[in-house]
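Below is one structure, written out as structure tokens; comments come after it.
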Amino acid sequence: MKEKKSKDRILILGASGFIGNAIYKELYAYYDTYGTYCFNQKDFEDNGQFFYYNVEETDIYELLEIVKPDYIISAIRGNFAAQILAHQHIIEYVTTHKAKLLFLSSANVFDAYSKYPSYELDKTLSLSIYGRLKIKIENMLLRLPKNKAIIIRLPMVFGNNTPRIKEIKTLLQNKEPVEVFPNLVFNVTYIDKLTQQLHYIINHKKTGIFHLGSEDLVHHEDFIKEIVSKIGLYNPVYKRVFTSNDDRYLAVLPKSNKLPKHLQITYQDTINHHLFS
């Protein structure tokens with residue numbers, strides 16, 4: 001029996017991107033779901049649920065007033081200054097309306113801490129421009145009332161059509177070296193599980209900070225070699241890149257905000273997932 005469609009209205013910013021579009025496909029049968037696109041206009045302009053939105057040109061407030069979402073899922077990319085301004089406007093909207101903001105952040109908010117993995121309540125600190133952008137937007141959300149904000153910190157996301165897997169396949173087909181980082185210890189997820197986790201968080205009206213990575217860690221080199229062996233019969237060439245002499249961690253582990261058992265994963269689940277077959 002099909003689940004009854006919720007009255008909640010969801011707007012996904014960046015729904016033409018890889019992760020945003022996967023979230024849209026997971027949610028649209030269950031919620032009144034809308035999305036924005038900036039590229040691939042032919043794919044989306046005839047879909048009445050999609051709106052054109054360019055973070056550098058479009059006033060997000062006008063779009064929010066049209067859609068009147070209960071949930072805003074931010075998966076946008078683009079100019080960093082424009083992203084910050086857009087999120088300031090979204091937060092103003094969320095503050096004055098009955099709406100929540102779900103922000104897709106990154107493990108990079110911890111990339112200055114290389115000696116250990118990171119948990120939900122750890123202090124953020126980044127050496128990268130990208131990580132600092134995510135921290136800036138996270139801090140804006142943390143000033144909202146707790147029932148208004150959801151921060152999702154993501155590790156590397158895999159799956160058959162993810163940009164990372166496409167790149168690896170292209171390198172293999174062209175007999176070019178695949179980069180691996182022998183000293184990088186990280187955790188991962190795959191796109192189908194990620195969208196199910198987000199569906200659960202919305203459906204159960206969860207708020208707070210979530211680390212949606214595998215519950216265990218793996219070396220980048222070992223993980224990529226297992227992925228390559230799943231992809232097919234190739235004789236891969238690896239380019240081993242050392243960024244430090246010691247193991248360097250970039251992992252977001254769940255501890256204080258764990259999801260139910262059926263939504264928890266290991267890195268092996270990502271490798272074994274049928275999309276790689």
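The values are calculated or read from the model by the stated rules, or taken from the named source; none is laboratory data. Predicted model only: the values in this text are computed from it and were never measured. All Cβ positions, even for glycine, are placed from backbone atoms using ideal geometry, and neighbour counts span all protein chains on display. Ligands, DNA and RNA are excluded from the accessible area calculation, which covers all protein heavy atoms including side chains. Shrake-Rupley method; radii C 1.70, N 1.55, O 1.52, S 1.80 Å.
Listed values, structure above:
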read-out	value
Whichever residue in region 238-258 is in a loop (DSSP other than H, G, I, E, B), touching a strand residue (DSSP E or B) at 6+ places or on another chain (Cβ under 7 Å) and of a type in the set (A, V, I, L, M, F, W, C) and, among such residues, is farthest from ILE150 (Cα to Cα)	VAL241
Selected residue (only one of ASP70, ASP122, ASP111 is within 26 Å of ASP192 (Cβ to Cβ) and of a type outside the set (Lys, Arg))	ASP70
Tally, over region 174-217, of residues that are over 22 Å from GLY159 (Cβ atoms) and open to solvent by less than 30 Å² (accessible area, probe 1.4 Å)	4
Per-region count, region 207-237, residues hydroxyl-bearing (Ser, Thr, Tyr) and either under 30 Å from ILE150 (Cα atoms) or in a strand (DSSP E or B) (or both)	2
Residue pairs meeting the criteria (Cβ under 9 Å; at least 6 apart or on separate chains; first over 21 Å from GLY208 (Cα atoms) and assigned to a loop (DSSP other than H, G, I, E, B), in region 112-126; second open to solvent by 90 Å² or more (accessible area, probe 1.4 Å) and not acidic (Asp, Glu))	ALA112/LEU127; TYR113/LYS123
Condition check for VAL94: open to solvent by less than 50 Å² (accessible area, probe 1.4 Å), assigned to a loop (DSSP other than H, G, I, E, B), touching a helix residue (DSSP H, G or I) at 6+ places or on another chain (Cβ under 6 Å) and β-branched (Val, Ile, Thr)	no
Residue match in region 33-42 (condition: surrounded by 14 or more Cβ atoms within 10 Å (Cβ to Cβ), in a loop (DSSP other than H, G, I, E, B), of a type outside the set (Val, Ile, Thr) and at pLDDT below 95)	yes
Only one of LEU125, LEU171, LEU141, LEU133 that is closer than 26 Å to SER256 by Cα, surrounded by 13 or more Cβ atoms within 10 Å (Cβ to Cβ) and touching a strand residue (DSSP E or B) at 6+ places or on another chain (Cβ under 8 Å)	LEU141
Region 138-181: number of residues that are under 18 Å from the mean Cα position of the chain (by Cα) and in a strand (DSSP E or B)	9
